[in-house]
Amino acid sequence: MNSAQLHLFFSHFPIVGLAFAVLVTLYAVFNKTPALARLSLWFYVVLGVFALLAYLTGDDAGKIVQTYPGITEDVIEPHENMALFFFIGLMITSVLALTGLYMSKTKETVLKRFTVILLIGGILLGILAGITGSTGGAIRHPEIKQGTYLKGK
């Protein structure tokens, strides 16, 4: 696998996984289930690992796709900018999740607080995930960039 393939492989996990993590966290908050709350925090940690892998393969993937006709830095730059914000957000939530897991070993109320904080953060990150995925897709899918899927033709 080359860097572009690895980047595509790694970058889909944080986007799809974030939706899954938010749903598990939401369920844990409303059902007051400590085991699920801890599991949801672990999901955020794993998402951070995949985000790091996607970030590390991004530059080389960009160099590969720039060899294709019509793909320049101007096409890739919007994705790079949004991906950086999404990456930073996922790193923050991963660190918060690790902190919450460590601190909740002694106090159950800490787990509840961190779960709610990560739920809010996860929902907000969902917006960045959508934009990042869309700008990434626009690199190789001109119909996304031009908005032709909305016009019908």
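Every read-out reported here was derived from the displayed coordinates using simple, explicitly stated rules and does not represent laboratory data. Quick caveat: nothing in here was measured; it's all calculated off a predicted structure. Here the Cβ is made from the backbone with ideal geometry for all residues, glycine too, and neighbour counts use every protein chain on show.
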Please specify each residue of the range 80-112 satisfying the condition of being exposed (fewer than 14 other Cβ atoms within 10 Å of the Cβ) and hydroxyl-bearing (Ser, Thr, Tyr). 99, 102, 106, 109
So, first residue in contact (Cβ under 8 Å) with a residue 12 or more places away in the chain and within 14 Å of residue 59 (Cβ to Cβ) in the range 1-26, second residue assigned to a helix (DSSP H, G or I) and among the polar types (S, T, N, Q), Cβ within less than 7 Å, six or more apart or across chains; the pairs are 3/57; 6/57; 7/57; 10/57
Residue 9 passes all but one of the listed conditions (1) surrounded by 19 or more Cβ atoms within 10 Å (Cβ to Cβ); (2) within 14 Å of the chain's Cα centre (by Cα); the exception is number (1)
Exactly one of these conditions fails for residue 80: (1) within 17 Å of residue 7 (Cβ to Cβ); (2) touching a residue at least 40 places away in the same chain (Cβ under 8 Å). Give me its number. (2)
Please verify whether residue 90 is touching a residue at least 60 places away in the same chain (Cβ under 8 Å), of a type outside the set (Phe, Trp, Tyr), in a helix (DSSP H, G or I) and farther than 18 Å from residue 131 by Cα, treating the condition exactly as stated. no
